Amino acid sequence: MSESVNQPILLVEGLGKNVANHANREHVSADDELVILHDIDLCIQRGDSVAIVGPSGSGKSTLLGLMAGLDVPTRGTIFLDGKNILQLNEDERAALRGEKIGFVFQSFQLLPSFTALENVMLPLELQDNGGTYAQAREQAGQLLARVGLSEREHHYPSQLSGGEQQRVAIARAFVSKPSLLFADEPTGNLDTHTGQQVIDFMFELNREQDTTLVLVTHDHVLANRCARVLELQDGQFCRAAKVEQG
Amino acid sequence: MAFYQGLLSQNVWRLSLRMLGRDWRAGELRILLIAIIIAVACVTSVGFFTDRIQQALNYQSGELLGADLRVAADHPLPARVTASAKNYDLRSAETRSFRSMVQAGGVSRLAEIKAVSPGYPLRGALKTAPARFAKDNMTQDLPQPGEAWAGPQLLQQLGARVGDQLQLGHAQLRIAAVLTYEPDRSGDMFSIAPRLLINLSDLSVTGLIQEGSHVHYRFLLAGEPGAVADYRQALMPHLQRGENIEGAEDARPEVRSAMQRAQQFLGLAAVVAVMLACVAIAMAARRYAQRHLDTCAMLRCFGASQNRINHIFLLQLIVLSLFAGPLGVLSGFLAQEGLVVLLGQLIITDLPAPSWMTVWVGLLVAMGGVLGFALPPVLQLRDVPALRVLRRVAVQSAMSPRLQPAALLAYLFGLMMLVLLVIYQAGDVVLGGILLSGLLLATLLLWAAATFLTWGLNCFLQYFLRNFSQSKASAWHLGLVNLTRNRHVSTLQVMAFGVGLMVLLLLTIVRGDLLQGWAKGLSENAPNRFVINIQSQQLTDVRHFFTQNGMGDVELFPMVRGRLTAINGVSVSSQQYADSRAKGLVEREFNLSWAEKLQIDNHIVQGRWWGESSGDKKRFPREFSVEEGIAKTLGLKLGDRLTYLISGESFTATVSSLRSVQWDSFRANFFVLTPPGMLDNYPASYITSFFLPAEKSGVLDELVHVFPNLTVIDITAIMDQVRLIIERVSMAVEFVFLFTLAAGLLVMTAAIQSTLDVRLHENAVLRALGARRRRLWQSLAVEFFSLGALAGLLAAFFASVLGAVIAYRVLEMDYLFSPWLWVWGLLGGGVGVGLAGIIGTRQVVNSPPLAVLQKL
Ligand SMILES: Nc1ncnc2c1ncn2[C@@H]1O[C@H](COP(=O)(O)OP(=O)(O)O)[C@@H](O)[C@H]1O
Ligand SMILES: [Mg+2]
């Protein structure tokens, strides 16, 4: 136990990603590859909050996807809570995600046919050793109340505004008590005020649950609420800016 | 085994059912559900219907036996046969028949005497008339002791009339009525002498039955079908030499043959509808899977394992099939009830209740259709990249084209179900095999052709754009570009439309051929009378008689009676056959005949007809040609040497061909034929069949007057029965055709829907960019018209090929090539698919672009 406390929650070394240049599918050659991410090194400690900023197309989402084990890199290694996730297979990575990782997306990604409550319960229901239905309901209800949506438990995403949907998504991200939260442009689809509100909830819950936060955004105000800001440009960190909070 | 454990997890059930419920309410499952219901409904409605018709027919065929079951023997029937009938709650009666001389007014003639016990006949009714030529009526009575009922021919031969006395052995009997109809006589076509019916209690008075007399003892039974079957089952193993059982299903070959063909066609039409429905199921499931890509990516992102994804969707499908199966069975039942009502007075007897077997088959089809055809695309969902939550990947590349072993297994399972279903419905492995492999091959070729054509279209379009980019054919351009841009999807659509159209065209051909073939076989002038027992020295006179009476040149067929005694030198006995028909065939004498040419309603199915090879027609080989049905029953093969006992002498020859006989043509036909000249040394009599118009019935009386030894057999009753079957079945065929039509339309709908989502998006963008709706309509019309025309062309081609194969190989009819088929395929396909496409995708043009764009 004591080892893992000192261990970084996320350790990325020499991470790179190439994709085939799809523009001309019919004539693929070996050197017809696009480098989206160059050698990325990154170390994130428990309880840390890190913002990754950069212009659109700089590779932020790609990096996030790799770190969360949603995709496999072309080169490099990723240690998540001490485990080399590249040695895990698809299902083991999924299990790891279910156990340790929460997500918030730009486009909310709620299941349209599930109510707000059911959406929040989903991660618990997917766990193999998850508790009973009643427990899941209870926890989900609490979190929805926490983001101020207890009145809207039985509403469907289509009946909720963008901000409300994102709050449901935040409740869903925290319901499984993840040790690491990835958020990809969580305010990207929201106006400034609503975005602010959503972000407040996210940081509050983050603090309460002592979660490590990795946030992708192009919003510098939002980025500056994090302990660390990293700027990505053309698939590389251009300066490892460590901004002290304050 | 973790796979199965996961299935039991409560969470999985809950999630799965919740998603299913939501999808159901959102209308996502509609096509899938309808497809399953149609598949089940057409199998079950046809099943129920043929079931009941079959049972009703058996009941009616019972009339041909005068009973539901008949035990016949050449000795008095022992108590083990007669006594046990009571235990099964069956009604029974007894008859004994034999030949004897009958005397009246100093004239004596040979007659077939039949002595009957009270209760005879158990099925059908006798008809009597008060005098010769008087109108006859059904009667429940029987000759009283001291009375006899005589057939008209006997009266005519004796020169006697009703009220006269006649002498039978030691008994003096009064002729009380003219017996014009016995239900069980027509089943016994080749009895030679005219009939005399007496009361069983008079039999001992005649003193004619003594040790060694040749008497046919018959014990008749009737009752509940189940009880009859049980009785038969129980008695079978105890049958002794010289005893055999005949059931209603062993009825006349004419009726059996008509019914069998009808059942085969109905069954196959149903299977074809099922296959179409399965295509629709597969397409609907594909779309269902595509629409759940995001959900699955989400679930994966939140930690669901691949197995869990499979479980969730597998459970959904199982629940869906459990729900759709009974619904389909119910629809099938109601449809069949509707059909029965529609047929109205065509159904004389009350139809018995349908059997449970059909219900099980229906439920199995639901399960098989879902697991075999809906599961594979849904199983692919486990491969959805979780990365999709971060970046939308094109739908097509998100569905991995790599088939998983489980999906392959599922397809195999579905295919197996179809194979079993075809065999079950066709009752014939070869026929089922031809049909299934034909359709599979056609589908594969269709796919290849569709690929080629869409590729060709693409090339043409490239060329067109390069050279005529200035022209204003913009709707055409937009529509065709749409087709070629996603060639994979277009190919799939052409294939789906093609399969749908092909099956529709095919069924139209086959159905037309079949109904026409029947109508021809049973035309108004089909033979309705047989004359038998014509002696060789009478041939010219009889011919002359017929031509003189304006009946034309009749064909006279020779007949030699013989009994099969040995196969390949090994003597045969009825004991070695389990089948009661086979037992009967071995015990009885039956008719051999000879012919130089093959009759037109016969086809060689194996081996070779004589004379085909030898140039010298005078010298024929010593061979037999055997009817395929009897060959199957007796286990005969080409090259077997058969020995017949004919008039006390053995005659041996080799089987050189097997023939199929179209029994429902009602011409004189024979199980076993030899070339001419083989049987010249044996006593032969001749038989002919001809059509006798109602107004000429007097001619026959004169015929029998001039040639008293002839017997005339009236088969109008059987023909009417066959006509009735055909009439009923023709309607049923049209009815099943409706199902196929529905399944075909469903496939098209599913095909149209498969691109709906992409279209919605694209057209919303186009409209947002200022495209006119008119222009979008036009481009949709062009696209679907071209798709339909391409598919129709291919469908016409494959339908004619398959139609020809089925006509020649299966229905044994000539296939008429019809250019209309191509016109229908091309135009019908183009216009039909074009219209269906426009209607099916109207929301693409009509829904406000903003609503669509916001949803994405
Ligand atoms: N599968 C892929 N194929 C081709 N190009 C890709 C693929 N995934 C990402 N890219 C490219 O990589 C770059 C980075 O994308 P992304 O990580 O989404 O950037 P960001 O999230 O910073 O906007 C973009 O230019 C994008 O077009
Ligand atoms: Mg991004």
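The values are calculated or read from the model by the stated rules, or taken from the named source; none is laboratory data. These numbers were taken from a predicted model, which means no experiment stands behind them. We place every Cβ from the backbone using ideal geometry, glycine too, and count neighbours over all the protein chains shown. Surface areas here come from the heavy atoms of the whole protein model, side chains and all, with no ligands, DNA or RNA. Shrake-Rupley method; radii C 1.70, N 1.55, O 1.52, S 1.80 Å.
Numbers for the structure displayed
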item	result
Residues (more than 12 Å from chain B (Cβ to nearest Cβ) and within 13 Å of ligand 2 (Cβ to nearest atom)) located in region A:50-66	A:52, A:53, A:54, A:55, A:56, A:58
Every residue from region B:126-156 that is closer than 23 Å to residue B:217 by Cα and surrounded by 15 or more Cβ atoms within 10 Å (Cβ to Cβ)	B:126, B:127, B:142, B:143, B:146, B:147, B:148, B:149, B:150, B:151, B:154
Counted residues, region A:73-91 - those being within 14 Å of chain B (Cβ to nearest Cβ), touching a strand residue (DSSP E or B) at 6+ places or on another chain (Cβ under 9 Å) and part of a helix (DSSP H, G or I)	1
Residue within region B:799-812 that is at pLDDT 80 or above and either farther than 21 Å from residue B:440 by Cβ or crowded, with 19+ Cβ neighbours inside 10 Å (or both) present	yes
Enumerated strands (runs of 3 or more DSSP E) restricted to region B:161-213, each holding at least 1 residues that are in contact with a helix residue (DSSP H, G or I) (Cβ under 7 Å, 6 or more places away or on another chain) and either modelled with pLDDT under 90 or open to solvent by 40 Å² or more (accessible area, probe 1.4 Å) (or both)	B:171-181, B:195-199
Any hit, region A:156-175, residues being facing another protein chain (nearest Cβ under 10 Å), within 24 Å of residue B:387 (Cβ to Cβ) and in contact with a strand residue (DSSP E or B) (Cβ under 7 Å, 6 or more places away or on another chain)	yes
Whichever residue in region B:710-721 is modelled with pLDDT of 70 or more and more than 20 Å from residue B:133 (Cα to Cα) and, among such residues, is most open to solvent (accessible area, probe 1.4 Å)	B:720
Any chance residue A:193 is more than 23 Å from residue A:97 (Cβ to Cβ) and at pLDDT below 90	yes
Subset of region B:23-55 (residues that are open to solvent by less than 10 Å² (accessible area, probe 1.4 Å), away from every other protein chain (no Cβ under 14 Å) and under 30 Å from residue A:114 (Cα atoms))	B:32, B:35, B:36
Hits in region A:99-114 - residues which are open to solvent by 10 Å² or more (accessible area, probe 1.4 Å) and either touching a Gly at 6+ places or on another chain (Cβ under 8 Å) or within 16 Å of ligand 1 (Cβ to nearest atom) (or both)	A:99, A:106, A:107, A:108, A:109
Failed item in (1) farther than 22 Å from residue A:68 by Cβ; (2) within 16 Å of ligand 2 (Cβ to nearest atom); (3) among the hydrophobic types (A, V, I, L, M, F, W, C), with residue A:144 passing the rest	(2)
Pairs where the first residue, in region B:751-762, is in the same structural domain as residue B:845 (by TED's automatic domain parsing) and the second is among the hydroxyl-bearing types (Ser, Thr, Tyr) and open to solvent by less than 50 Å² (accessible area, probe 1.4 Å), C-beta under 7 Å, 6+ apart	B:752/B:841; B:756/B:841; B:759/B:841
Complete set of residues in region A:144-156 that are assigned to a helix (DSSP H, G or I) and touching a Leu at 6+ places or on another chain (Cβ under 8 Å)	A:144, A:146, A:150, A:152
Only listed residue being assigned to a loop (DSSP other than H, G, I, E, B), out of contact with any Asp or Glu (no Cβ under 7 Å at 6 or more places or on another chain) and at pLDDT 80 or above, chosen from B:277, B:282, B:304	B:304
Qualifying residue in region B:607-615 (condition: farther than 13 Å from residue B:560 by Cβ and aromatic (Phe, Trp, Tyr))	yes
Members of region A:180-228 found to be more than 16 Å from ligand 1 (Cβ to nearest atom) and within 14 Å of another protein chain (Cβ to nearest Cβ), listed by number	A:180, A:181
Hey, residue B:81 closer than 20 Å to residue B:243 by Cα and either outside any strand (DSSP E or B) or touching a residue at least 40 places away in the same chain (Cβ under 8 Å) (or both) or not	yes
Matching residues, region A:33-58, being open to solvent by 70 Å² or more (accessible area, probe 1.4 Å) and not in a strand (DSSP E or B)	A:45, A:46, A:56, A:57
Top-ranked residue in region B:732-769 [being of a type in the set (Ser, Thr, Tyr) and closer than 25 Å to residue B:332 by Cα; ranked as surrounded by the fewest Cβ atoms within 10 Å (Cβ to Cβ)]	B:749
Residue ID - nearest to the chain's Cα centre (by Cα), chosen from residues in region A:24-49 that are modelled with pLDDT under 85 and either within 14 Å of chain B (Cβ to nearest Cβ) or within 16 Å of ligand 2 (Cβ to nearest atom) (or both)	A:25
Members of region A:115-155 found to be within 12 Å of chain B (Cβ to nearest Cβ) and either in contact (Cβ under 8 Å) with a residue 60 or more places away in the chain or open to solvent by 60 Å² or more (accessible area, probe 1.4 Å) (or both), listed by number	A:128, A:129, A:132, A:133, A:134, A:135, A:137
Residue within region A:47-64 that is farther than 19 Å from residue A:223 by Cα and away from ligand 1 (no atom under 12 Å from the Cβ) present	no
Region A:113-143, residues that are among the hydrophobic types (A, V, I, L, M, F, W, C) and part of a loop (DSSP other than H, G, I, E, B)	A:114
Given (1) closer than 29 Å to residue A:204 by Cβ; (2) free of Cβ contacts under 8 Å to residues at least 40 places away in the same chain; (3) within 16 Å of ligand 2 (Cβ to nearest atom); (4) open to solvent by 50 Å² or more (accessible area, probe 1.4 Å), index of the condition residue A:95 fails	(3)
